[in-house]
Amino acid sequence: MASRPSFREFAEHWLPRLETEIREVLRCPDPMLAGHYRMMHYHMGWLDEQFRPGRFPTGKRIRPLLCLLACQEVGGRPEDALPAAAALEIFHNFSLIHDDIEDQDTTRRHRPTLWALWGTAQAINVGDGMFALAYAALLRLGQQGLEPPRLLSIVERFTRTAVMLAEGQHLDLGFERRDRVTVEEYLRMIAGKTASLLAASLAMGAAVGGADPEAQEALSRFGHNLGMAFQIRDDILGIWGDPAVTGKPAGSDVLRRKKSLPLLYALAHPEVGPVLQSRWTQALGPEEMPEILALLDQAGARAYAEDVLQGFHREGIQALEEALGFRAPASPLMALADELVERVA
């Protein structure tokens, strides 16, 4: 039986054209505005802190690549979806800039964040500019001949996704000030903050590729479930990941008091929860990790998170099969779903 095509091979082929499209949208239109656009270029990984060109970490570009791949998988040409893919990546990076400010994070991708280098006001403004330019990128679909009704439906989905992401961020920020958060609330938060943009990436690519509304919605559900599973895998790795692979200390999410799915489940456990809560309110260091991990194990937190993850994975595969029919097993999207669920970093 022939092996399934590699998502990595698809990415290697399309990333250069994607980068060209993004650079064109973020091109500085006036020398007087050079500083504004150079900050964008710094964040995108194209310039250093002195605005000199270089190759720096850019992120995986997973959302725009999913958009291009969805377009291909429904019978379209990926190049036709490049404006939508660029819009998704620019929008994602706008959200990261604002996240860094809201979370007071001083590093991203192993480099200083925009606000840490140039101040909160400039970083907010750069983020705002990228939010607007994401829509400018999307409207380039019309310039290359996409019919207005289909373009409008894509813009409407993109706008709904922007609203959902802001709602998810609202919940996440609120959780930081609360001692108790339920599993249901947490899943609602990651549905907006993480899964919504993955769902939109696939649906928008399918729309550009000419898929009917039913196939678009099925691919949207695939993306939603993929995003949920992706985040829960992150949650598991944040506690039990191998430091040699993840590059983070063992139990890093616990030490940061991150409200992730395994921890929230354990905190709600009738026997383990009260004990864990008492430890949670105290200063935590690496020396406390064996006890915390033992409590999580007693509650069955890892097994629960794995079960929830597998449930989202199964639902995602069912949605992909609904969208692509007999072609689903051979799709790189199927391979990618498996890879994301099984990843160790």
**OP:** Could you check K60 against (1) more than 20 Å from L336 (Cβ to Cβ); (2) surrounded by fewer than 18 Cβ atoms within 10 Å (Cβ to Cβ) and say which number it fails?
**Re:** (1)
Original post:
How many residues does segment 168-188 contain that are β-branched (V, I, T) and touching a helix residue (DSSP H, G or I) at 6+ places or on another chain (Cβ under 6 Å)?
Top reply: 2
**OP:** Among the residues of segment 38-61, write down those that are touching a residue at least 24 places away in the same chain (Cβ under 8 Å) and in a helix (DSSP H, G or I).
**Re:** M39, M40, Y42, H43
**OP:** Grab the helices (runs of 4 or more DSSP H) fully contained in segment 229-345, keeping just those with 1 or more residues being more than 30 Å from C71 (Cα to Cα).
**Re:** 243-246, 252-255, 261-267, 272-280, 289-299, 301-324
**OP:** For segment 276-291, enumerate the residues that are closer than 14 Å to G251 by Cα and hydrophobic (A, V, I, L, M, F, W, C).
**Re:** W280, L284, M289
Subject >> Residue match in segment 69-86 (condition: farther than 30 Å from G209 by Cβ and in a helix (DSSP H, G or I)) >> reply: no
Original post:
In the list R27, R23, R55, which residue meets the criterion of being of a type outside the set (G, A, S) and surrounded by 12 or more Cβ atoms within 10 Å (Cβ to Cβ)?
Top reply: R23
**OP:** Any residue in segment 211-236 that's more than 16 Å from R314 (Cβ to Cβ) and in contact (Cβ under 8 Å) with a residue 12 or more places away in the chain: show its pairings with residues that are among the aromatic types (F, W, Y) and not in a helix (DSSP H, G or I) at Cβ separation under 7 Å, as long as the two are six or more apart or on different chains.
**Re:** none
Original post:
In segment 36-52, what count of residues is obtained for those that are surrounded by 11 or more Cβ atoms within 10 Å (Cβ to Cβ) and farther than 21 Å from T106 by Cβ?
Top reply: 2
Original post:
Any chance segment 111-118 includes a residue that's of a type outside the set (A, V, I, L, M, F, W, C), in contact with a helix residue (DSSP H, G or I) (Cβ under 7 Å, 6 or more places away or on another chain) and surrounded by 15 or more Cβ atoms within 10 Å (Cβ to Cβ)?
Top reply: yes
Original post:
Only one of these conditions is not met by P286: (1) surrounded by 13 or more Cβ atoms within 10 Å (Cβ to Cβ); (2) within 28 Å of D103 (Cβ to Cβ). Which number is it?
Top reply: (1)
Subject >> Subset of segment 315-327 [within 24 Å of I232 (Cα to Cα), of a type outside the set (D, E) and free of Cβ contacts under 8 Å to residues at least 12 places away in the same chain] >> reply: Q318
**OP:** Those residues that are β-branched (V, I, T) and either part of a loop (DSSP other than H, G, I, E, B) or over 24 Å from P332 (Cα atoms) (or both), I need them from segment 1-37; list them, please.
**Re:** V25
Original post:
From L165, L202, which residue is surrounded by 23 or more Cβ atoms within 10 Å (Cβ to Cβ), farther than 17 Å from L263 by Cα and modelled with pLDDT of 95 or more?
Top reply: L202
Original post:
Residue check, A134 against (1) of a type in the set (A, V, I, L, M, F, W, C); (2) surrounded by fewer than 16 Cβ atoms within 10 Å (Cβ to Cβ); (3) within 17 Å of the chain's Cα centre (by Cα), all met but one. Which one?
Top reply: (2)
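The values are calculated or read from the model by the stated rules, or taken from the named source; none is laboratory data. Model, not experiment: these values are computed from the prediction. Cβ sites come from the backbone with ideal geometry, for glycine too, and all protein chains shown count toward neighbours.
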